[in-house]
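Each remark here refers to the structure printed beneath this line.
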Amino acid sequence: MDYLNIANSNLMFGMVAVVITVVFIQSVVFFIIAWKRGLALGMTKRKMLDAVRSSAIFSVVPSLPILLALVAMVPVLGIPFPWLRLGVIGSAPYELLAANIGAQSMGVQGLGQSGYTAQVFINSMWIMSLGILWSPVIFLLFAKRLQTGMANMKKNDSKWLEILIASLFFGMISVFIGQPVVNGGIQLATILTSAAIMFTLTAAVKKFEISWLANFSLSISMIASMALAIYYSRIM
Amino acid sequence: MNMKPIESEYNKKVHFAGRLTAVLVILMLIAVPAVICLHYNIFPTMSGFLKGLAMVWMIYLPICIAEVLTYTPMVGISGAYLSFISGNLSNMKIPCAAMAMDNAGVKGSTDEGEVIATLSIATSTIVTEIIIAIGVIALVPLTPVLTSKTLEPAFQNILPALFGALGVYWIMRQWKLAVTPLAFVILVSILVPMLTGKSIPAGLLIPVSGLLAVLAARFMYNKGWVVNAGNE
């Protein structure tokens, strides 16, 4: 049997649709819990709606590379399984790596290569599914301890906890800033453009007190600099 | 050590909903390949399965541990229940929540911050799942658009486009916290490919960079050079 018949089977579609629905419901449940909590804390609906609106608009563009990964994965892995994998934990590079390891450990050169039988496909599925389950498992095991740790830190020195969180954030963004800066070329031009647009928008928000713009300045900077990246690729 | 749990109705609800949904999703993720194996009666060889799993776990177990430690404080406990299930933290959930909290004028370590972060991450997850579902349904008409040569440079540069804006915004707030990790990343990104011919994956670099940022911040905090996280 061709493995793609299994990969695109109704059974597979059905199971994937169920899992994605549960992930969706999880977000809805947490949204409701957080919304009620916000009201109980005396936060205004306006403030919460602003966060929701800007988050929704911001999330559109970073979701597009996920679709690109979907397009790349579908010919070799069928439609439903890539849908599942990209809709839950992990990322496109991880999925491709894990799927390939699943193939190679069965003695096949790689995804979709000759010898990529149903048995090898199923091994890829297993490796992709189990390989990165550690993040939610570890978090589940240590959630309460992490919470207590942070609460104690806050009690002892709340300023330091704020600085610690900000430092972790700076540690993360430094990786994504430093690498394109070193790589140079279009990446460097794009990162500088994006920074310049954001700088201007932030200054405008402050100077002219256009507070609604603050919610969208990140999205605007991102889309504008991506558009300019197309232009740079033609002239560089 | 004081291990008194923070008990409140809200807190209980978060842990209950978080545990229930996360355990459910984890079990279902394991069930998908299991059901396929049983239904078609096709199983991978034990050696192929174990060899593959060992290879992936060798790389991803340390990354996953570091991720939980690095990202949980940034997204908060209830945000973490969501983001460790739906993924895409560094390129979507964390920037999204950070900007939402800042625009709302709340800090991540506060109750209000946790509310905004959770709303932001839940919204982000819902939007992404809807977009992927649209992608699945409209795969055929969307493929030529997504893979068009014209748009290729835009998609290839999505991370510089995101982090240029994010970077300037936060560095303007508190540049002192950014100096050490940024210098480290730039140095390593120049030296390592020069010496080994290979670049380091971001997943490995983030926890090291984060740890250095925290150590440098602690030093500056003790010296009194940094007194707050950068919000006026």
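Each reported figure results from applying straightforward, stated rules to the coordinates on display, with no laboratory input. Fair warning: this is a prediction, and the values are worked out from it, not measured in the lab. Note that we place each Cβ from the backbone using ideal geometry, even for glycine, and neighbour counts take in every protein chain shown.
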| query | Angle between the Cα long axis of helix B:202-223 and the longest principal axis of chain B, 0 to 90 degrees, nearest 10? | reply | 20
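How high is the relative contact order of chain B, given as a whole-number percent (alpha carbon pairs under 8 Å, six or more residues apart)?
It rounds to 15 percent for chain B.
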| query | In sequence order, what are the phi-derived ³J(HN,Hα) couplings for the range B:39-45 according to the Karplus relation 6.51 cos²θ - 1.76 cosθ + 1.60 with θ = phi - 60°, rounded to whole Hz, with x for glycine and proline? | reply | 5, 8, 6, 10, 10, x, 5
| request: Pull up all non-local amide H partners of B:ASN88: gap of 5 or more, or a different chain, and H-to-H distance under 5 Å with H placed in the peptide plane. | output: A:GLY90
| message | Could you derive backbone 3J(HN,Hα) for the range A:41-56 from the dihedral phi with the Karplus parameters 6.51, -1.76 and 1.60 (θ = phi - 60°), listing whole Hz in sequence and x where the residue is Gly or Pro? | response | 7, x, 7, 7, 4, 4, 4, 6, 5, 4, 4, 5, 5, 5, 5, 5
| message | If I fit a long axis through the Cα atoms of helix B:111-137 and take the longest principal axis of the Cα atoms of chain B, what angle between them do I get, 0 to 90°, rounded to 10? | response | 30
| request: Would you mind counting up the charge near B:LYS107? Only other residues with Cβ under 11 Å from its Cβ, with Lys and Arg at +1 and Asp and Glu at -1. | output: -3
| message | List residues of the range A:23-66, by number, whose backbone nitrogen lies under 13 Å from a label position 7 Å along Cα→C-beta of B:GLU9. | response | A:36-41
| note | Distribution output for the range B:1-157: share of Cα-Cα pairs per 5 Å bin in percent, first bin at 0, values 1, 7, 11, 14, 16, 15, 14, 11, 6, 3, 1, 0
| query | Ranked highest first by average number of other Cβ atoms within 10 Å, how do B:48-54, B:10-16 line up? | reply | B:48-54, B:10-16
| Shielding of A:90-100 by partner chains, average beta-carbon count, 10 Å | 3
| request: Could you pull out which residues in the range A:64-79 have an amide N less than 20 Å from a spot 7 Å beyond the Cα of B:ILE130, following the Cα-Cβ vector? | output: A:64-68
| More than 42 Å apart - percent of Cα-Cα pairs taken over the protein assembly as shown | 14
| Which links in A:LYS155/B:LYS93; B:LYS176/B:LYS198; A:LYS159/B:LYS176; A:LYS159/B:LYS223 stretch past 19 Å when you go from one Cα to the other? | A:LYS155/B:LYS93; B:LYS176/B:LYS198
| Exercise: per-residue mean of other protein chain Cβ atoms within 10 Å, A:107-119 | 1
| query | Counting Lys and Arg as +1 and Asp and Glu as -1, what is the net charge of the other residues whose Cβ lies under 14 Å from the Cβ of B:VAL226? | reply | +3
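For chain A, what does the relative contact order come out to in percent, with C-alpha contacts under 8 Å and a separation of six or more?
Numbers: 154 pairs, mean separation 44.3, N = 236.
The normalised contact order for chain A reaches 19 percent.
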| task | Please give, to one decimal in nm, the separation of the simple spin-label points placed at A:ASN183 and A:ASN10, each 7 Å out from Cα toward the Cβ. | result | 4.5
| Which whole-Hz ³J(HN,Hα) couplings does the range B:54-68 yield from phi under the Karplus relation 6.51 cos²θ - 1.76 cosθ + 1.60, θ = phi - 60°, glycine and proline marked x? | 4, 5, 5, 5, 4, 7, 8, 4, x, 4, 5, 4, 4, 4, 4
| field | Ellipticity estimate at 222 nm from DSSP helix runs (n ≥ 4, -39,500 (n - 2.57)) divided over chain A, nearest 500 | value | -28500 deg cm²/dmol
| query | Across the residues of B:142-149, average count of Cβ atoms on other protein chains within 10 Å? | reply | 3
| Mean-position separation - Cα centroids, the range B:93-128 and the range B:164-188, in angstrom | 21
| said: Restricting to DSSP H runs of at least four residues, report the calculated mean residue ellipticity at 222 nm for chain B, -39500 (n - 2.57) per run over all residues, nearest 500 deg cm²/dmol. | reply: -27500 deg cm²/dmol
| message | Using Stokes-Einstein with the Kirkwood hydrodynamic radius over Cα pairs, what translational diffusion coefficient do you get for the range B:140-232 at 25 °C and a viscosity of 0.890 mPa s, in µm²/s rounded to a whole number? | response | 153
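Which of the peptides B:100-107, B:173-180, A:6-13 is most tightly packed, and how do the rest follow, going by the mean number of other Cβ atoms within 10 Å of each residue?
B:100-107, B:173-180, A:6-13
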| 15 Å beta-carbon shell around A:TYR231, net charge (K/R +1, D/E -1) | +1
| field | Highest-MSF residue in chain B out of B:PHE163, B:PHE219, B:PHE43 [GNM, Cα springs under 10 Å] | value | B:PHE43
| request: Provide the descending list of Cα extents for the range A:1-137 along its principal axes, expressed in whole angstroms. | output: 61, 27, 26
| request: Could you rank the peptides B:127-135, B:152-160, B:70-78, A:18-26 by their average count of other C-beta atoms within 10 Å per residue, with the highest value first? | output: B:70-78, B:152-160, B:127-135, A:18-26
